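Readers should treat all values here as calculations from the given coordinates under stated rules, not as data from a laboratory. The structure presented is a predicted model; accordingly, all values stated were derived computationally and were not measured. Quick reminder, even Gly has a Cβ in these numbers, built from the backbone with ideal geometry, and neighbours come from all protein chains shown.
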Amino acid sequence: MSILETRDLRMTYGIKTPFEKTAADGISVAFEKGDLVGIIGHTGSGKSTLVQLLNGLLKPTSGQVLLDGADIWAQPKEIRAVRFRVGLVFQYPEHQLFEETCYQDIAFGPKNMGLSEEEIAARVQQAAAYVDLDPELLKKSPFDLSGGEKRRVAIAGVLAMRPEVLILDEPTAGLDPKGRDTILNQIRAYRDEMNATVLLVSHSMEDVARVADKVLVLDHGRVALYDTTEAVFARAEELSALGLSVPAVTRIFMGLREKGLPVGNNAYTVEQAVEALLPHLRKGGEAVC
């Protein structure tokens, strides 16, 4: 059974007003335990609406969100407990920091779960380690940190609740390449160690290609594609038709194929590109020159 699933999920804003807009239009999709899914789509495709529906921050106009097979809105008074299990990290989460110290900020969620001080301390330390945050920084004000450090504190605040499903909306936005790599590695480490399900919303095809096992493509509030990362990026022409870019490696291989070179269509990372090209280079490069 899927850990998280939607059935004919619909969300319409401004019903019966001139501003009526359907942002989720009959979405039915399932996420398995341990999945790391990239969610992509053009601006206005419904990505942010979907993740807020999954977390229970928005109540759907119709349809269901099922967590372990149970409708999360079956008992509206218990929706807060759902948010502990399905953690959501917003875009630019550092803007939500507010406590006097980093420790207090990371501890905020576990405290609201009613945990003991000992358990809270253990979770804060573990979450800080997940995001590679220097323990000395826990004593500091989050507002004295660099942008990348603030981002890690904000993500640690969600990880400290140990969500079974971790949703991140553009977690690497605005970071330099080193900071982006750090965050992505930490997300994957959390998934691997906790066997959690991770949903990563991103405009960066390179980020999605690097870490995701599967990719969900949204278009005007509907599911356009949902498959393994390899299968989705192999359909580069369809992605382009939806107004989406593809990883730079995929674009290069598309160009090589257009020139009649037999390089295949399943390379979307640098490592895969090297693996695909090496056999030709070992033959003296006849096939790729």
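Using the count of nearby Cβ atoms within 10 Å as a rough guide to exposure, how do LYS47, LYS140, LYS259 rank from fewest to most?
LYS259, LYS140, LYS47
Count the net charge of all other residues whose Cβ sits under 12 Å from the Cβ of THR269, scoring Lys and Arg as +1 and Asp and Glu as -1.
Value of the local net charge: -4.
What are the residues whose amide H is under 5 Å from the amide H of LEU216, where those residues sit 5 or more places off or on another chain and H is modelled from the backbone?
Excluding prolines and chain starts, which carry no amide H, the hits are GLY38, ILE39, ILE40.
Return the equivalent ellipsoid semi-axes of the chain as a descending list in whole Å, where each equals the square root of 5 times an eigenvalue of the C-alpha gyration tensor.
That gives 35, 26, 16 Å for the three semi-axes.
Can you give the local net charge around GLN96? Use residues other than it whose beta-carbon is closer than 13 angstrom to its beta-carbon, Lys and Arg +1, Asp and Glu -1.
-2
Place +1 on the Cβ of every Lys and Arg and -1 on the Cβ of every Asp and Glu in the chain, take the dipole about the Cα centre, and give the residue among GLN272, VAL246, MET113 whose Cα lies farthest towards its positive end.
VAL246
Relative to the Cα centre, what is the charge dipole magnitude of the range 23-104, using +1 at the beta carbon of each Lys and Arg, -1 at the beta carbon of each Asp and Glu, and rounding to the nearest 20 debye?
180 debye
With angles folded into 0 to 90 degrees, how steeply does helix 117-130 sit against the dominant principal axis of the chain? Use alpha carbons for both and round to 10.
20 degrees
Tell me the relative contact order for the range 4-229 as a rounded percent, counting alpha carbon contacts under 8 Å between residues six or more apart.
Relative contact order, the range 4-229: 29 percent.
What does the charge add up to near SER62, with Lys and Arg as +1, Asp and Glu as -1, over the other residues with Cβ less than 14 Å from its Cβ?
Around SER62, the surrounding residues sum to 0.
For n ≥ 4 DSSP H runs only, could you compute -39500 (n - 2.57) per run for the chain, divide by its residues and tell me the 222 nm figure to the nearest 500?
-11500 deg cm²/dmol
Using the Cα atoms as the points, what is the convex hull volume per residue of the range 1-87 in Å³?
97 Å³
What order, most packed first, do the peptides 10-17, 93-100, 207-214, 220-227 have when packing is the mean number of other Cβ atoms within 10 Å of each residue?
Those peptides, ordered most packed to least, come out 207-214, 220-227, 93-100, 10-17.
Taking one equal scatterer on every alpha-carbon of the range 132-289, how large is log10 of I(q)/I(0) by Debye at q = 0.09, 0.10, 0.14, 0.21 1/Å?
Once normalised to I(0) and log-transformed, intensities are -0.39, -0.48, -0.82, -1.33.
How would you rank ILE106, ILE167, ILE3, going from fewest to most other Cβ atoms within 10 Å of each one's own Cβ?
ILE3, ILE167, ILE106
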